[in-house]
Amino acid sequence: MNIKDMLQERFQPKTRADYIIALKTLIQEMVLIGLGRAKFFEHAAFYGGTALRIVYQLPRFSEDLDFTLLSPVKDYSLKPYFQAITTELTAFGFQVEIVEAAKQTEKAIESAFIKANTKLHLLKIGVPDTLAKTAANEVIKVKFEIDTNPPHAFDTEVKYLLVPIPYSVKVVSLEQMFAGKIHAILCRNWKTRVKGRDWYDLVWFVSRKVSCPAACLESRMRQSGHWTNSDKLDIATLQQLLSDTIRRVDLKAARQEAMLFVDNPAELEVWSEDFFVYCFKEIIWI
């Protein structure tokens, strides 16, 4: 099946943005298939927003593919997997370039970008001329990265997916992805930027009654230097940290940022400090 057939079968794009998201989603899935064929998941696992979207049907788009090694490895490289990814994408009609990202020495993260010419691929899928008009050098970009120094041992499971073709991925457990999400909310340094998507995901976890392992969260916070107390991180302290954090958030800006990615923006209308404090009390801590 080619790109055009896959897109028409699975998506109902109406706007130019819809078409771009559909193409990015297909690229993300092809990357997972290529990595699986190359035995990547023997030593790594999938996590983050795109994992929640593809594997667990989180109703928002996520741009990047995030992975973690199962145990720390120095001088790890994603380069050996570039060819497997390229082969998979080419087989389905994509024309891409994979570029390794500059190494950030202070972070144990290896990153790369998949780039595909926007106009070429919009034309490939039969987008109307009025929507395909774009600069000749504009690219669709999908980032994938891997944490080469995971903070602790964690649970994983193999999930099977049937589209665009049957394949499998190894994913971090939902419970530990929830801990990772709360760590991002509490500890990620976005300076003046607001990432409303993180708050949307927190509500999604809570609404599905996914429990959060406190020990896993504490381990992450110790590794990042955000918990240095000799005592264990208790539930009351966690709830207070979350409450303090939401009071500093510009909820209007958070809502506007999240609206760009969610399927149903009306879900965000209820957002307020009181709403999130209620959600914090509903988190199942284990």
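The values are calculated or read from the model by the stated rules, or taken from the named source; none is laboratory data. Since we're looking at a predicted model, the values are computed, not measured. Cβ coordinates were reconstructed from backbone atoms using ideal geometry, including for glycine residues, and neighbour counts include every protein chain displayed.
So the values come out like this:
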quantity: Hey, Ser111 surrounded by 14 or more Cβ atoms within 10 Å (Cβ to Cβ), modelled with pLDDT of 95 or more and part of a loop (DSSP other than H, G, I, E, B) or not; calculated: no
quantity: Pair list, Cβ < 7 Å and 6+ apart or interchain, from the stretch 270-283 residues that are surrounded by fewer than 12 Cβ atoms within 10 Å (Cβ to Cβ) to residues that are of a type in the set (Phe, Trp, Tyr); calculated: none
quantity: Qualifying residues in the stretch 173-212 (those that are of a type in the set (D, E, K, R) and touching a Cys at 6+ places or on another chain (Cβ under 9 Å)) - the one surrounded by the fewest Cβ atoms within 10 Å (Cβ to Cβ); calculated: Glu175
quantity: Residue match in the stretch 187-204 (condition: at pLDDT below 95, touching a strand residue (DSSP E or B) at 6+ places or on another chain (Cβ under 9 Å) and not aromatic (Phe, Trp, Tyr)); calculated: no
quantity: Any hit, the stretch 122-138, residues being buried (at least 18 other Cβ atoms within 10 Å of the Cβ), over 21 Å from Asp5 (Cβ atoms) and β-branched (Val, Ile, Thr); calculated: no
quantity: Qualifying position, being basic (Lys, Arg) and either in a helix (DSSP H, G or I) or exposed (fewer than 12 other Cβ atoms within 10 Å of the Cβ) (or both), among Lys141, Lys119; calculated: Lys119
quantity: Check on Asp66, loosely packed, with under 13 Cβ neighbours inside 10 Å and either farther than 29 Å from Asn149 by Cα or of a type outside the set (A, V, I, L, M) (or both); calculated: no
quantity: Enumeration of residues in the stretch 13-59 that are among the polar types (S, T, N, Q) and over 15 Å from the mean Cα position of the chain (by Cα); calculated: Thr15
quantity: Selection within the stretch 154-169 - farther than 29 Å from Ile3 by Cα and either touching a residue at least 60 places away in the same chain (Cβ under 8 Å) or touching a Pro at 6+ places or on another chain (Cβ under 8 Å) (or both); calculated: Phe154, Thr156
quantity: Residue list for the stretch 213-263, filter: acidic (Asp, Glu), closer than 18 Å to Glu175 by Cα and surrounded by 14 or more Cβ atoms within 10 Å (Cβ to Cβ); calculated: Glu218
quantity: Output for the stretch 4-26, where each listed residue is touching a residue at least 60 places away in the same chain (Cβ under 8 Å), part of a helix (DSSP H, G or I) and of a type in the set (Val, Ile, Thr); calculated: Ile20
quantity: Wholly enclosed strands (runs of 3 or more DSSP E) of the stretch 28-103 bearing at least 1 residues of a type in the set (Phe, Trp, Tyr), at pLDDT 95 or above and touching a Phe, Trp or Tyr at 6+ places or on another chain (Cβ under 9 Å); calculated: 44-47, 65-69
